[in-house]
Amino acid sequence: MKIDRLIGILSILLQRERVTAPWLAERFEVSRRTINRDIEDLCKAGIPIVTAQGANGGISIMEGYTIERTLLTSSDMQAILAGLRSLDSVSGTNRYGQLMEKLLAGSSGLVTGDETMLIDLSSWYKSTLAPKIELFRGAIERKELVAFDYCSPKGESRRSIEPYYLVFHWATWYIWGWCRSREDFRMFKLNRMTQPQRTGERFEGRPVPLPDLSAERVFPVKFHAKIRFAPEYKWRLMEEFGEDSFEEEPEGTLLFQAGFTDRANLLEWVLTFANGAELLEPEEMRWELAEIGRKMWETYRL
């Protein structure tokens, strides 16, 4: 993306006395015209860049100019590098690793000791997820419409969107954009889409509100559940809902209470514990579970 390239160019100029536009163009795999525009943007940002013509000419930063290194502590730089490294874990490329090397060059005073933080944002679906992330990254940068087939609880549909933000939340990747068919901003889960493709059609862009990612907005509570679990499932309750979601009863069982958004999700979740969970409330759902159990018995009985 452009911001990555600008940071990379600035890092190189801070480390080298002089470079040429053709050399930068080859290094970043873009045209010389793009490099010239990048240099103009850096100048507008207040970086004193000097260009000289002739055999010994090139691009350089005004002598004596440096970025104040004390702005970043060692801990700051470690956090930045961990974040950059984590993005490579999902992109399937080494783009951010290369940027990290540029930031590291000549910065031994800022990065000391061994790495203390490793972040891997990849998933079981990395082979199919990484190409989608790269496709949307390119589409966002070029302001290009993307079309895809989308599968949701309401069925399957073909969507065309103006993509604006890739979002990583709830351990899942989403795209936030303007949906042409719904004429509104929507967030789509990447794992639910198939056949994504950039259409070649450009869009002008529009004011983009940030998505409301609050749990109350996305997962409004509709059902309050009270469930008694066998002691051996304590680890799972802690992992999925936290240590404050249940109380240990005198006999060793675990009394769990939480709010749920979807009726079907609640029933399906309870069933994953087999006979290790008893749904106490809502009482009407006890009968639904009993009916599900009866049908399963008819299906699997010998």
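The values are calculated or read from the model by the stated rules, or taken from the named source; none is laboratory data. Just so you know, these numbers come straight off a predicted model, no measurement behind them. Cβ sites come from the backbone with ideal geometry, for glycine too, and all protein chains shown count toward neighbours.
On the stretch given as the range 198-221, residues that are in contact with a strand residue (DSSP E or B) (Cβ under 7 Å, 6 or more places away or on another chain) and in a loop (DSSP other than H, G, I, E, B) total 7.
In the range 243-264, is there at least one residue being out of contact with any Phe, Trp or Tyr (no Cβ under 9 Å at 6 or more places or on another chain), within 24 Å of residue 294 (Cα to Cα) and not acidic (Asp, Glu)? Yes; the residues of the range 243-264 include at least one that is out of contact with any Phe, Trp or Tyr (no Cβ under 9 Å at 6 or more places or on another chain), within 24 Å of residue 294 (Cα to Cα) and not acidic (Asp, Glu). Could you tell me whether the range 226-243 includes any residue that is under 30 Å from residue 132 (Cβ atoms), free of Cβ contacts under 8 Å to residues at least 24 places away in the same chain and hydrophobic (A, V, I, L, M, F, W, C)? Yes, the range 226-243 has at least one match.
A quick yes/no check of all residues on (1) touching a residue at least 24 places away in the same chain (Cβ under 8 Å); (2) closer than 18 Å to residue 201 by Cα:
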| position | (1), (2) |
| --- | --- |
| 144 | yes, yes |
| 148 | yes, yes |
| 152 | yes, no |
| 156 | no, no |
| 162 | yes, yes |
| 173 | yes, no |
| 181 | yes, yes |
| 186 | yes, no |
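Search the range 229-243 for residues being surrounded by 11 or more Cβ atoms within 10 Å (Cβ to Cβ) and aromatic (Phe, Trp, Tyr), and hand back the single one that is farthest from residue 274 (Cα to Cα). By that ranking, first place goes to 241. Of all the criteria given as (1) within 36 Å of the chain's Cα centre (by Cα); (2) touching a residue at least 24 places away in the same chain (Cβ under 8 Å), the one not satisfied by residue 274 is (2).
The residues of the range 11-36 that are surrounded by 13 or more Cβ atoms within 10 Å (Cβ to Cβ) and closer than 22 Å to residue 140 by Cβ, listed by number, are 28, 30, 34, 35. Among the residues of the range 244-267, the one identified as of a type in the set (S, T, N, Q) and either buried (at least 16 other Cβ atoms within 10 Å of the Cβ) or in contact (Cβ under 8 Å) with a residue 60 or more places away in the chain (or both) is 253. Scanning the range 133-183 for residues that are in a strand (DSSP E or B) and among the charged types (D, E, K, R), we see that the one that is farthest from residue 218 (Cα to Cα) is 144. The one condition from (1) over 26 Å from residue 157 (Cβ atoms); (2) out of contact with any helix residue (DSSP H, G or I) (no Cβ under 9 Å at 6 or more places or on another chain) that residue 265 does not meet is (1). Of all the residues in the range 21-49, those that are over 15 Å from residue 60 (Cα atoms) and touching a Phe, Trp or Tyr at 6+ places or on another chain (Cβ under 7 Å) number 0. Considering (1) within 26 Å of the chain's Cα centre (by Cα); (2) within 27 Å of residue 169 (Cβ to Cβ), the lone condition that residue 263 does not fulfil carries the number (1).
Restricting attention to the range 46-54, does a residue exist that is of a type in the set (A, V, I, L, M), surrounded by fewer than 15 Cβ atoms within 10 Å (Cβ to Cβ), at pLDDT below 90 and part of a loop (DSSP other than H, G, I, E, B)? The answer is no, given that none of the residues of the range 46-54 is of a type in the set (A, V, I, L, M), surrounded by fewer than 15 Cβ atoms within 10 Å (Cβ to Cβ), at pLDDT below 90 and part of a loop (DSSP other than H, G, I, E, B).
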